[in-house]
Amino acid sequence: MSIVANAVRGERVSTAPFDVWKVRADFPILSRQVHDRPLVYLDNAATTQKPQAVIDAISYYYAFENANIHRGVHLLSQSATDAYEAARGTIQHFLNAEESSEIVFVRGATEAINLGAQTYGREHVGAGDEIVITAMEHHSNIVPWQMLCEEKGAHLRIAPINDDGELLLDEFESLLHSKTKLVAIAHISNALGTVNPIARIVEMAHARNIPVLVDGAQAVPHVSVDVRALDCDFYAFSGHKIYGPTGVGVLYGKRKFLDAMPPYQGGGDMIRSVTFEKTLYNQLPYKFEAGTPDIAGVIGLGAAIEYVLKIGLDAIAAHEHDLLVYGTAALNTVPGLRLIGTAKEKAGVLSFVMEDIHPHDIGTVLDQQGIAIRTGHHCAQPLMQRFGIPATARASLAMYNTTAELDALLSGIHKLKEVFA
């Protein structure tokens, strides 16, 4: 039984003590005021705030190490290269990848998935073939596969979910057959918080020699990810979801797949030799990292992951899921409020709708009280259609959130009902 399941059922998870106030002190933005109210930041599924350690790492690079990487023999270039590659090693350890060359730096989970679609996908998907995704996917794990299917004459198959937002595993498995060339699935739904049973899904797919790409953007800040234990073939995530900078992310891929895949982009640093007659490509992972990368972003991402590892993902998960249990119980007391996404295995997402009040109005009124949530379709329009709604209001949790902030959310919702009475 996972930590997620235990927490959602209200069971205590034994971990080292977690001092949320000490953690909050590491995040400068949490001390600011919004509309003359203390900031209550509950939009973490969209992006997380940054600890001082990440801000300092980026600032130090620009102040003292700024140089291009992999190309210079001078000290600054060597120092920048060492810091950049050290971050790759940190991420290898974080994901338990077999080697650092399986870690490819990209701009985010969106680009990572597009890289998979435009390299592995173009090589292996043909007319009449099928790609399987689920009804809960983010647009970033829908549109790249639609584009590929349109180009190749292939078909996109959608595994259904139940009314709680859980994947129907039997129906999912029934979609897997000889025409299926890839499964692409979210580890955790950004709009529902549903935690998918990735190891079981990979097992089902691999039994039919089908590779699996996992969109882990919402998972890495909340649960320990071991790509070798999951046995997934690709794993994508974004830095800004795990307390790192925007504009940087990771595609993990098993070496056997990355070696066989063609480059995604052409340019500097992804080559070994160039003549007008022929170009020889660089070794992994550099053949997928054309041009000057976001060096400061990668260094900042490494610092963010080191910060998370120092606190401990087990402790973070226990704290967040205590918050989830508390918040779920609180919102269930509000007449006319309906939670969207009530899976047994769930991460810290509280998506809800209210009778006769549009989600955008909910977000606007709460903002005036200093409470930041997200409203809209959350880049998951097909999922909204599945539940028969145009949008939800979404409060999403992080390690620095508190029960007092959830009390503020509940109070804000009650005030909202007064406004629209």
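Odds and ends about this structure:
- Every pair of residues 6+ apart whose Cβ atoms lie under 6 Å, when the first sits in the range 107-130 and is in the same structural domain as residue 233 (by TED's automatic domain parsing) while the second is among the basic types (Lys, Arg): 124/181; 125/152; 125/181; 126/152; 129/179; 129/181; 130/157; 130/179
- Counted residues, the range 310-329 - those being in contact with a Ser or Thr (Cβ under 6 Å, 6 or more places away or on another chain) and of a type in the set (Ser, Thr, Tyr): 1
- Within the range 260-281, residues that are among the basic types (Lys, Arg) sit with their Cβ atoms under 7 Å from residues that are surrounded by fewer than 11 Cβ atoms within 10 Å (Cβ to Cβ) and assigned to a strand (DSSP E or B), at 6+ positions apart or across chains, in these pairs: 272/280.
- Hits in the range 364-421 - residues which are β-branched (Val, Ile, Thr), assigned to a loop (DSSP other than H, G, I, E, B) and more than 23 Å from the chain's Cα centre (by Cα): 389
- Any chance residue 166 is farther than 27 Å from residue 239 by Cβ and within 22 Å of the chain's Cα centre (by Cα): yes
- Residue check for residue 283: within 23 Å of residue 228 (Cα to Cα) and at pLDDT below 95: yes
- Of all residues in the range 172-206, those that are touching a residue at least 24 places away in the same chain (Cβ under 8 Å) and farther than 16 Å from residue 138 by Cβ total 19.
- Scanning the range 12-20 turns up at least one residue that is over 26 Å from residue 141 (Cα atoms), among the hydroxyl-bearing types (Ser, Thr, Tyr) and at pLDDT below 95.
- Output for the range 57-80, where each listed residue is surrounded by fewer than 19 Cβ atoms within 10 Å (Cβ to Cβ) and within 17 Å of residue 246 (Cβ to Cβ): 59, 62
- Of the residues making up the range 136-151, those that are within 20 Å of residue 384 (Cα to Cα), aliphatic (A, V, I, L, M) and either free of Cβ contacts under 8 Å to residues at least 24 places away in the same chain or surrounded by fewer than 21 Cβ atoms within 10 Å (Cβ to Cβ) (or both) number 1.
- When residue 126 is tested against the conditions (1) in contact with a strand residue (DSSP E or B) (Cβ under 9 Å, 6 or more places away or on another chain); (2) part of a helix (DSSP H, G or I); (3) surrounded by fewer than 18 Cβ atoms within 10 Å (Cβ to Cβ), the lone failure is (2).
- Condition met for residue 227 (touching a residue at least 12 places away in the same chain (Cβ under 8 Å) and either within 20 Å of residue 121 (Cα to Cα) or over 15 Å from the mean Cα position of the chain (by Cα) (or both)): no
- Close pairs from the range 338-367: first without any contact (Cβ under 8 Å) to a residue 40 or more places away in the chain, partner part of a strand (DSSP E or B) and aromatic (Phe, Trp, Tyr), Cβ under 6 Å, at least 6 apart: 339/352
- Strands (runs of 3 or more DSSP E) (entirely within the range 153-232) containing at least 2 residues that are surrounded by 24 or more Cβ atoms within 10 Å (Cβ to Cβ), touching a Gly at 6+ places or on another chain (Cβ under 9 Å) and assigned by TED's automatic domain parsing to the domain that holds residue 100: 180-186
The values are calculated or read from the model by the stated rules, or taken from the named source; none is laboratory data. No experiment lies behind these values; they were computed from the predicted model shown. Every residue, glycine among them, receives a Cβ derived from its backbone with ideal geometry; neighbour counts consider all protein chains shown.
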